[in-house]
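Everything below concerns the one structure shown next.
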Amino acid sequence: MSPKNYFIEAYLQFTSETLEELPVLIERGQRECCLLGVKEYELDEESIDSILGEEAYCTADLSEESFEKIEKYLLSNQHLYTFYFNKGEEGAFLQLIQKEYPYISYSLQEKEVSDWNTLWRSHFSPIPINESFTIIPSWQKEDETIDSYKGEKLYLYPGEGFGTGQHETTFLCLKTFLEQEISFSDEDKVLDFGCGSGILGIAALKKMNSKKVFFCDVSESALENTKSNLAYNEEDSVEEKNIFLREDFPDELKNFKFIFANILLSALLSEAEFLVSKLAREGVILFSGILMHQREELIHCYTKLGLTFVEDDEMGQWAVVVMKKKEL
Ligand SMILES: C[S@@+](CC[C@H](N)C(=O)[O-])C[C@H]1O[C@@H](n2cnc3c(N)ncnc32)[C@H](O)[C@@H]1O
């Protein structure tokens, strides 16, 4: 069996004091150390059974002692996060922890899974972005349980990449986009730059009438995932010719009325001239993927290139920034 069929779960225990290191550690893990995903500690039925032992099975009414037991367990695990890696790719991250964050305690467990998606699936459930827009796992498309979610539904297969709406940056991007009062004509173009699963561009297709949404990523597998998700959402108007690897993005394709760019700061800075050159006059760009303290650097860089600041928002340690190209 190939090493890719095993995964490493690294359990990191933060304290109230070290918890503020979490977003930076996730960012560095993704950028420098092949970190695949992070899950906050959660208490499911199985965990409750294992905490309570036989008590869990003997009665439907739990005693006060049982509640105390659960509470104690919860308090001791409230800052536990699971970091996921393909087996063999966890080394750089462990070195990072040992060298720069020795005060964060961790343990590891190897898990055998035949398919990475099995793991994602078990942690991915419907995510309401607001009252009228919900992300639904594609395998729940036919479930009656999803009827309770009102409004637009975006069906998503997470693939191996990023972009389920579970992450603050994706959630913030969607929420901010849905709040924008922009009207699109049939001719207006939208670019989902760093599309991952395609979640943001597909949301644009659903929100507006224009079918001119383009997708771009550096990763072939992200583009394949985007194509599957377009199919799950029956968005057949997007042709293959609207989906590009970054290196193949055509020079002549420009004048986008709206651009999504949910990528780490380093990529947003190195792609700044490219992104600004692709915006139409008065076009809007929505940046995410940046930490709160990186906001000023991003705004400064894009202001120098002729954009103006419109608004920003935050969630946890993450920020979203909206900027606009000035009229000439
Ligand atoms: C944080 S994920 C965002 C995925 C999705 N758009 C979302 O909001 O959930 C960033 C994506 O950007 C892609 N990416 C990184 N650098 C890039 C670049 N220079 N040009 C285009 N895509 C890039 C990565 O492959 C990844 O799929």
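Per-structure values
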quantity	calculated
Nitroxide proxy distance, nm - points 7 Å out along Cα→Cβ at E252 and T82	5.1
Taking D143, D312, D251, D192 and counting other C-beta atoms within 10 Å, the order from fewest to most	D251, D143, D312, D192
Rounded Å value of the spacing that divides the Cα centres of segment 171-186 and segment 189-231	14
Among 296-309, 128-141, the order from most to least packed when residues are scored by Cβ within 10 Å on average	128-141, 296-309
Net lengthening on full extension, K111/L19 (0.36 nm per residue, minus Cα-Cα)	30.5 nm
Extension gain, L96 back to T308 (0.36 nm per residue minus Cα-Cα distance, nm)	72.6 nm
Full-extension gain in nm, K141 to E271, via 0.36 nm per residue minus C-alpha separation	43.2 nm
Set of segment 253-267 residues, backbone N closer than 19 Å to the point 7 Å along the Cα-Cβ line of Q180	253-265
Mean Cβ count within 10 Å, highest first, over the residues of peptides 220-230, 271-281	220-230, 271-281
Cross-link pairs beyond the 20 Å C-alpha cut-off, checked among K189/K324; K189/K325; K175/K207; K241/K326; K39/K153; K189/K227	K241/K326; K39/K153
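Every number in this text was worked out from the coordinates using simple rules, so none of it is lab data. None of these values were measured; they are calculated from a predicted model. All Cβ positions, glycine included, derive from the backbone under ideal geometry; neighbour counts span all protein chains shown.
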